[in-house]
């Protein structure tokens, strides 16, 4: 069976000791300090000279900064965490200048990282076997931390040997995770003769061209009242107090639960589609534009259409499936799947409609799914 080499990340929940928790917090804080320090340094340098500092010059300055009397504490953490912070800053600047050259003014100037922001992480690189994963004893070896215990997936019995790097993350709820990126071998799935086109919706998450639709679980909507109550309690507390910090963790845990439920649902649905179908056709939805509709924005974001498409794309590439994205301007809803005529009179509230030419009665979403499949097959045949 044909196999291909891919870059894949394995995520584990960490259970560090008190000393390791302190070192992780220090590494996150030092990485943030280096990012903000050199963001200010590069901005000032550009104002004075009209040119920018690159990664190499910043890295040389970082070495001198670590030797200075006021910043000796930077030596307590993993050096790769600081260097990768510089690389991230350099990438952000390159993206900013590239988009500005294209005339895209929406790409903003790099921002300073907040101490209590949602993204609390640092990345370290593999060198001299400083990163190891021991599945048998459920532990991972990380620079400066040593061996850290983690929770293992019961189904996982082997781990790739070619590790690239590891990213340690602290979630807003106070949990610790590590994502170990490595090179892995993935075997293509056996070929199947089934084709599918589907339309994405809000009441029903996925409406296929054939088969039963998948209901939208609406995890955020179901937890919305509980979240609102918890956030109201948080807003009444004195900011920075012990009760405020406790309630803040409770709110974060609710958001984390909703996110985990949605991710689990999307992974299961995308994997099922990839396993059961050889060719998958879907509409190339512009979610960023769609959420501008204030009446539907919350429901669209709760559905997770963009993440679902991303999962389908990389899984199709891994397992040898064909994914066809239909142009967003294709009239899948207004076109009759029976005779091909266009009915411009269809509105958003019309769930069923009759073709004025062939008199076929259509379910709105089923008709769109059938049209998406036909258009996808036409694109493949062209």
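The values are calculated or read from the model by the stated rules, or taken from the named source; none is laboratory data. As the structure is a prediction and not an experimental result, all values here were calculated from the model. Backbone-built Cβ (ideal geometry, glycine too); neighbour counts: all protein chains shown.
Look at (1) surrounded by 15 or more Cβ atoms within 10 Å (Cβ to Cβ); (2) touching a residue at least 12 places away in the same chain (Cβ under 8 Å) and you find that residue 237 fails only one, number (2).
So, of the residues in the stretch 1-33 that are assigned to a strand (DSSP E or B) and in contact with a helix residue (DSSP H, G or I) (Cβ under 9 Å, 6 or more places away or on another chain), which turns out to be farthest from residue 116 (Cα to Cα)?
That would be 4.
The single condition among (1) in a loop (DSSP other than H, G, I, E, B); (2) over 30 Å from residue 308 (Cβ atoms) that residue 173 does not meet is (2). Residue 78 satisfies every condition listed in (1) more than 30 Å from residue 161 (Cβ to Cβ); (2) touching a helix residue (DSSP H, G or I) at 6+ places or on another chain (Cβ under 8 Å) except (1).
If you filter the stretch 202-224 down to residues that are surrounded by 19 or more Cβ atoms within 10 Å (Cβ to Cβ) and in a loop (DSSP other than H, G, I, E, B), you find that the one that is modelled with the lowest pLDDT is 209.
With respect to residue 231, determine if the residue is more than 25 Å from residue 284 (Cβ to Cβ), more than 20 Å from the chain's Cα centre (by Cα), at pLDDT 95 or above and surrounded by 18 or more Cβ atoms within 10 Å (Cβ to Cβ).
no
Which one of these is assigned to a helix (DSSP H, G or I), surrounded by 12 or more Cβ atoms within 10 Å (Cβ to Cβ) and out of contact with any strand residue (DSSP E or B) (no Cβ under 8 Å at 6 or more places or on another chain): 84, 36, 75? None of the others qualify; the one that does is 36.
To keep it simple, each residue is scored yes or no on (1) surrounded by fewer than 17 Cβ atoms within 10 Å (Cβ to Cβ); (2) within 24 Å of the chain's Cα centre (by Cα); (3) closer than 22 Å to residue 30 by Cβ.
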{"site": "103", "(1), (2), (3)": "yes, no, no"}
{"site": "112", "(1), (2), (3)": "yes, yes, yes"}
{"site": "121", "(1), (2), (3)": "no, yes, yes"}
{"site": "140", "(1), (2), (3)": "no, yes, yes"}
{"site": "153", "(1), (2), (3)": "yes, yes, no"}
{"site": "166", "(1), (2), (3)": "no, yes, yes"}
{"site": "174", "(1), (2), (3)": "yes, yes, yes"}
{"site": "184", "(1), (2), (3)": "no, yes, no"}
{"site": "190", "(1), (2), (3)": "yes, no, no"}
